[in-house]
Amino acid sequence: MENKPIIVGLDIGTTKVCTIVATNNSRGEIEIIGVGSHPSYGLKKGAVVNIDKTIKSIHASVEEARLMAGVDINKATIGLAGNHIYSFNSSGVVAIKNKEITHDDIERVMEAAKAVVIPSDREIIHVIPREFRVDNIPGIKNPEGMCGIRLEAHVHIVTGAIPLIQNLIKCVEHTGIMVENIILQPIASSEAVLNSEEKELGVALIDIGGGTTDLAIWKDGALIHSHIIPVGGNHFTNDLAVALRIPHTEAERVKINHGSVLPEKLDQSAHIAVQGLSGTKPQKVSLSQVTKVLGARGEELFKIIADIIAKKGLKNEIHGGFILTGGGSLTTGMPELAEYILEKPSRKGIPIPFDGMTNIMQNPQFSTVLGLLIDAHRAMENPIPKSSQHLNIIGRLGDSIKNVFRDIF
């Protein structure tokens, strides 16, 4: 094992911290050798609100994965999400000096595309190519070597709040792990769940996490829109806790074991026993009441997504429909409710299988961390040389996305 390189994906979510350790099998493919999962304390809607608790949660998850894998962990690829993420599309144009497009020309047009004004407390995290145009000819994936006099780049830009990113990095590094790469969580989930045909056709990935729901819309093989929505599985649980007047842990149990967002999916006349607040007796509640609470929150979430898509004018781009993943997608009836409200085919997205612990990881709640593992593996196979060893964190973020899209462009 000592001779094989180790790759690590670290998903620091609002409800859980998950660590996956992998190496290459005999075919050079990913083989999972260790998994660690621990409840997440210290994050709210994807942002760190308690550094000490976050560090302890990360350490517990990493230690569990390390013991299972039997290897040391000193670097990892981590995911980024949260309310502070803001994405938009931009474009840039340059003239071609020698009529044949070179790599330098592509670098120049990418720089022109990201020359946008943003607040001083924010930084560009990813500049993702959507398409290139040579002399107004659209749909070009890689223009290098083509002849022309005018090169245009259309890109998707992701920005984030610098202090919030640095807080997350600080928590990870306090556990003795270097943050090798950072990738936006909906991009990571897309890597684990979507295939190239779906990305070409046009699909929207909806990753329902604990604190946020991440939206990534793909068309012609490129990311055309991403959005972080501050509504997640915890909001479903909190609604149940308030409506039924029960503890949060009991509400989570009811949601997982008996929850549905559609009344036809359960026997609505049935009742279940739930534990009340401290000092109160157990009570019986009807499944119809549980469904009513969860269904209302599910409707709200999918209507928010419908409004985002309508405002961006992207409904006609989503030919392949919606793919739901993340732990929140496991609530009974979620794909059907999404299909009804969003008026497009919807299904549950399961991560692609790897060697190793396939049965354990074939679950939507592991989509993000498996996507991070794919990114880490790609970065290992195609390392990008760094001109210096003292690059700042934003510089490392830029390197991450180059690895992610190396296979596309």
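Of the residues making up segment 173-187, those that are open to solvent by 10 Å² or more (accessible area, probe 1.4 Å) and over 16 Å from the mean Cα position of the chain (by Cα) are E173, H174, T175, G176, M178, E180. Annotation: of all residues in segment 258-271 being touching a strand residue (DSSP E or B) at 6+ places or on another chain (Cβ under 8 Å) and open to solvent by 60 Å² or more (accessible area, probe 1.4 Å), the one that is modelled with the lowest pLDDT is K265.
Yes or no: segment 231-243 includes at least one residue that is of a type in the set (A, V, I, L, M), under 13 Å from the mean Cα position of the chain (by Cα), within 29 Å of I374 (Cα to Cα) and open to solvent by less than 20 Å² (accessible area, probe 1.4 Å). No, because not a single residue in segment 231-243 is of a type in the set (A, V, I, L, M), under 13 Å from the mean Cα position of the chain (by Cα), within 29 Å of I374 (Cα to Cα) and open to solvent by less than 20 Å² (accessible area, probe 1.4 Å).
Restricting segment 80-107 to residues that are without any contact (Cβ under 8 Å) to a residue 40 or more places away in the chain and part of a helix (DSSP H, G or I), which is most open to solvent (accessible area, probe 1.4 Å)? Ranking the candidates gives D104 first.
Of the residues that make up segment 266-283, is at least one in contact with a Leu (Cβ under 6 Å, 6 or more places away or on another chain) and under 22 Å from T213 (Cβ atoms)? Steps first, please.
Let us first name the residues in segment 266-283 that are in contact with a Leu (Cβ under 6 Å, 6 or more places away or on another chain), namely 266, 268, 270.
After this cut, where a residue has to be under 22 Å from T213 (Cβ atoms) as well, the list is none.
No, segment 266-283 contains no residue that is in contact with a Leu (Cβ under 6 Å, 6 or more places away or on another chain) and under 22 Å from T213 (Cβ atoms).
Filter segment 310-348 down to the residues that are within 12 Å of V203 (Cβ to Cβ) and of a type in the set (V, I, T) and list them by number. Scanning segment 310-348 gives I318, I323, T325. State whether one or more residues within segment 163-172 are under 25 Å from I318 (Cα atoms), crowded, with 21+ Cβ neighbours inside 10 Å and under 21 Å from the mean Cα position of the chain (by Cα). No, that holds for no residue.
Is it fair to say T77 is open to solvent by less than 20 Å² (accessible area, probe 1.4 Å), closer than 18 Å to I360 by Cα, assigned to a strand (DSSP E or B) and at pLDDT 90 or above? The answer is no for T77.
Being in contact with a strand residue (DSSP E or B) (Cβ under 9 Å, 6 or more places away or on another chain), more than 18 Å from T77 (Cβ to Cβ) and not β-branched (V, I, T) is the filter here, so list the residues in segment 1-37 that pass it. Hits for segment 1-37 are M1, N25, R27. Would you confirm whether or not segment 378-394 contains a residue that is in contact with an Asp or Glu (Cβ under 7 Å, 6 or more places away or on another chain), open to solvent by less than 70 Å² (accessible area, probe 1.4 Å) and at pLDDT 95 or above? No. For segment 330-365, the candidate set comprises residues that are open to solvent by less than 20 Å² (accessible area, probe 1.4 Å) and part of a loop (DSSP other than H, G, I, E, B); within that set, the residue that is farthest from S288 (Cα to Cα) is P351. Listed here are the helices (runs of 4 or more DSSP H) enclosed by segment 162-258 that have at least 1 residues being among the polar types (S, T, N, Q) and within 21 Å of E339 (Cβ to Cβ): 185-193. When only residues in segment 146-162 that are in contact with a Lys or Arg (Cβ under 9 Å, 6 or more places away or on another chain) and closer than 16 Å to R130 by Cβ count, which is surrounded by the most Cβ atoms within 10 Å (Cβ to Cβ)? Among those residues, the one meeting the criterion is A153.
Restricting segment 24-52 to residues that are surrounded by fewer than 21 Cβ atoms within 10 Å (Cβ to Cβ) and hydroxyl-bearing (S, T, Y) leaves a set whose member that is modelled with the lowest pLDDT is S26.
Okay, residues lined up against (1) of a type outside the set (S, T, Y); (2) over 30 Å from D220 (Cβ atoms); (3) exposed (fewer than 13 other Cβ atoms within 10 Å of the Cβ):
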position: A273; (1), (2), (3): yes, yes, yes
position: L277; (1), (2), (3): yes, yes, yes
position: S286; (1), (2), (3): no, yes, no
position: Q289; (1), (2), (3): yes, yes, no
position: A296; (1), (2), (3): yes, yes, no
position: E299; (1), (2), (3): yes, yes, no
position: K303; (1), (2), (3): yes, no, yes
position: A310; (1), (2), (3): yes, no, yes
position: G321; (1), (2), (3): yes, no, no
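Condition check: in contact with a His (Cβ under 8 Å, 6 or more places away or on another chain), aliphatic (A, V, I, L, M) and either under 17 Å from I177 (Cβ atoms) or modelled with pLDDT under 90 (or both). Does I6 satisfy that? Judged against the criteria, I6 is not a match.
The values are calculated or read from the model by the stated rules, or taken from the named source; none is laboratory data. This one's a predicted model, so the numbers in the text were calculated from it and none came from an experiment. Please note: Cβ atoms are built from the backbone with ideal geometry, for glycine as well, and neighbour counts cover all protein chains shown. Quick note on the areas: whole protein, heavy atoms, side chains included, nothing else; ligands and nucleic acids left out. Shrake-Rupley method; radii C 1.70, N 1.55, O 1.52, S 1.80 Å.
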